[in-house]
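Asks: Sending over a structure as structure tokens; questions will come in a sec.
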Amino acid sequence: MKLSIIVPVYNEVNYIKTFINILYNSFKNENVEYIIVNDGSDDGSEEWLLNNFKKKGFKFINLPNNMGKGFAIRKGLEIATGDYILFQDADLELDPKDSLDMYQKIKKNSNIQVLFASRFLSGKLKSNKNLLNEVICKINTFIFNIFFNQSINDLHCGTKIISKEVFKKISLNINDFGFEIDISTQIAKNNYKIYEYGISYLARTYLEGKKITWVDGLLSYYYLFKTRFIDNEISTILSIIFSATYMTYVSTYFGMGMGKFFLIIVFFVVGCFIGLHKKIVTSSIVFLFIYFGSFLSNGNGKIYIILIVFLFSLYLSKKMSLIINEVTNNKFIKFFV
């Protein structure tokens, strides 16, 4: 078995020498190719890498401008020849020795195609003063688990080992720190089982060179929404727009003030999920049941009637989809049903 280790480097001159030595010594007994991608560093990292890259098994890609972590890793993937790919950050927050432990687990169990490191699972050494980053990470992981029906603990951990076969079915396209969301969501969409392994974590402060910012935190919510509700087939996108629109319309009949605003958001999200799992025709059944159900009661009782007919319509539309899928393979019909 051969392992490719891809290391994106951006302004790590204070850590790169120590990191390379630890990484090399950790994997010296394995069949490994090291792919170091300099992502437009301007602090001396590029010069150090150019002058010291003479060890056997090392490949070096030099990007003249900073393109982002996701872009750098994709360039590394273009030349990777290993059966498995390990992503390893160069900042020494995560220990390469833990990555070796992860690889040993895979060598003993070839059924593992996707293994994520987790900073929240282990009893290993941990130090972190970035409370806000940790909170956002846990919130994003929770949203990811809801969106993609998963149960992982650490969406944003940079250490991951993935089979080369997996990359034949996914297409990465996010350039910055959203790479972790990009690859995780595509793995989930393709129904690969995600395993996790607890590792140590010694976080840096911003004075020590930590680069992720609050802007990246805000972008992460956009990427989660984009990968779940936008990056889909056209039939699904149309269904999401249709379902989110009518559910938002329905929400305007309930609540007042801030409560009404909250309900609009909730109904909009519910509509998006309906559109994910139903096409336009079956989603229309849900809308029609809600519409006619609204005439069956007045006052506070209306919401209970609508909830009942809503749940029944979900069941009925699911049955309809199953029947259609059994009796026909017509692409036009399946586009709408």
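Asks: Using the alpha-carbon centroid of each, what span in Å lies between the range 83-100 and the range 109-147?
Replies: 15
Asks: Next question. Express in nm, to one decimal, how much length is gained between Met1 and Asp83 on full extension, taking 0.36 nm for each residue of separation and deducting their alpha carbon distance.
Replies: Length gained, Met1 through Asp83: 28.9 nm.
Asks: Let me ask you something else. For helix 234-251, report the angle its Cα long axis makes with the longest principal axis of the Cα atoms of the chain; keep it between 0 and 90° and round to the nearest 10°.
Replies: Once rounded, the angle reads 60 degrees.
Asks: While we're on this one: For the chain, what does the helix formula give at 222 nm: sum of -39500 (n - 2.57) over DSSP H segments with n ≥ 4, over the residue count, nearest 500 deg cm²/dmol?
Replies: After summing the helix terms and dividing by residue count, I get -16500 deg cm²/dmol.
Asks: For the chain, modelled as a Gaussian network with Cα springs under 10 Å, which listed residue fluctuates most, Ser239, Ser321, Ser99?
Replies: Of Ser239, Ser321, Ser99, the Gaussian network model singles out Ser321 as fluctuating most.
Asks: Continuing with this model, one more query. Dividing the convex hull volume of the alpha carbon atoms of the range 3-65 by its residue count, what do you get in Å³ per residue?
Replies: Dividing the Cα hull volume of the range 3-65 by its residues yields 67 Å³.
Asks: I've got another one for you. Taking the Cβ of each residue in Glu93, Glu180, Glu30 as the centre, tally the other Cβ atoms inside 10 Å and list the residues starting with the fewest.
Replies: Ascending number of Cβ neighbours within 10 Å: Glu30, Glu93, Glu180.
Asks: Also: How long is the gain from Asp42 to Asn153 if the chain were fully straight, where each residue apart is worth 0.36 nm and the alpha carbon distance is subtracted?
Replies: Here the segment from Asp42 to Asn153 would lengthen by 36.5 nm.
Asks: Within the range 255-299, whose backbone N sits under 19 Å from a point 7 Å along Cα→Cβ of Ile323?
Replies: Within reach of a label on Ile323, which here means backbone N under 19 Å from a point 7 Å along Cα→Cβ, the range 255-299 contributes 278-290.
Asks: What number, in percent, do you get for the relative contact order of the range 233-336 if the mean sequence gap of Cα pairs under 8 Å and at least 6 apart is divided by its residue count?
Replies: 28
Asks: Points 7 angstrom from Cα along the Cβ direction at Leu307 and Met256: gap in nanometres?
Replies: 2.1
Asks: Could I ask something else about it? Please give the direction-averaged projected area of the C-alpha convex hull for the range 1-126, in square nanometres with one decimal.
Replies: With every direction weighted equally, the projected area is 8.0 nm².
Asks: Further question on the same structure: About the Cα centre of the range 3-229, what is the dipole size in debye to 20, counting +1 per Lys and Arg Cβ and -1 per Asp and Glu Cβ, all else neutral?
Replies: 660
Asks: Right, another one. Roughly what angle does helix 16-26 make with the longest principal axis of the chain, taking Cα atoms, 0 to 90 degrees, to the nearest 10?
Replies: Its long axis makes an angle of about 90 degrees.
Asks: Something else: Rounded, prolate or oblate: which one fits the range 53-189, using the alpha carbon gyration tensor with axes a ≥ b ≥ c (rounded when a/c is under 1.5, else prolate when a/b beats b/c, else oblate)?
Replies: Rounded is the answer for the range 53-189, as its axis ratio a/c remains below 1.5.
Asks: Another question, then. Once Rh for the range 140-200 is found with the Kirkwood sum over Cα pairs, what is the Stokes-Einstein diffusion coefficient at 25 °C and 0.890 mPa s, in µm²/s?
Replies: 202
Asks: Taking a ≥ b ≥ c as the square roots of the eigenvalues of the Cα gyration tensor of the range 226-292, is the shape rounded (a/c under 1.5), prolate (a/b larger than b/c) or oblate?
Replies: It is oblate, given that a/c is not under 1.5 and a/b is not larger than b/c.
Asks: Note down the nm distance, to one decimal, between modelled labels 7 Å out along Cα→Cβ at His277 and at Lys107.
Replies: Roughly 4.3 nm, to one decimal.
Asks: What is the gain in length, in nm to one decimal, between Phe142 and Ile265 on full extension, counting 0.36 nm per residue of separation less the C-alpha to C-alpha distance?
Replies: 42.5 nm
Asks: Calculate how steeply helix 131-148 sits against the longest principal axis of the alpha-carbon atoms of the chain, using the helix alpha-carbon long axis, and give the answer as 0 to 90 degrees to the nearest 10.
Replies: Between the helix axis and the principal axis of the chain, the angle is about 50 degrees.
Asks: For the range 296-330 and the range 150-201, what is the separation of their Cα centres, given in Å?
Replies: So the two Cα centres are separated by 35 Å.
Asks: Another one. Which shape class, rounded, prolate or oblate, goes with the range 233-336 when its Cα gyration tensor gives a ≥ b ≥ c as root eigenvalues, a/c under 1.5 marks rounded, and past that a/b bigger than b/c marks prolate?
Replies: oblate
Asks: Which entries in the list Lys59/Lys189; Lys75/Lys169; Lys17/Lys97 go over 23 Å, if you measure between the two C-alpha atoms of each?
Replies: Lys59/Lys189
Asks: Okay, moving on. Hey, what's the Cα Rg ratio for the chain versus the globular rule of thumb, 2.2 N^0.38 Å?
Replies: 1.19
Throughout, read-outs are computed from the coordinates displayed, never taken from laboratory work. Predicted, not measured: the structure shown is a model, and the values here were computed from it. Here Cβ is always computed from backbone atoms with ideal geometry, including for glycine, and neighbour counts include all displayed protein chains.
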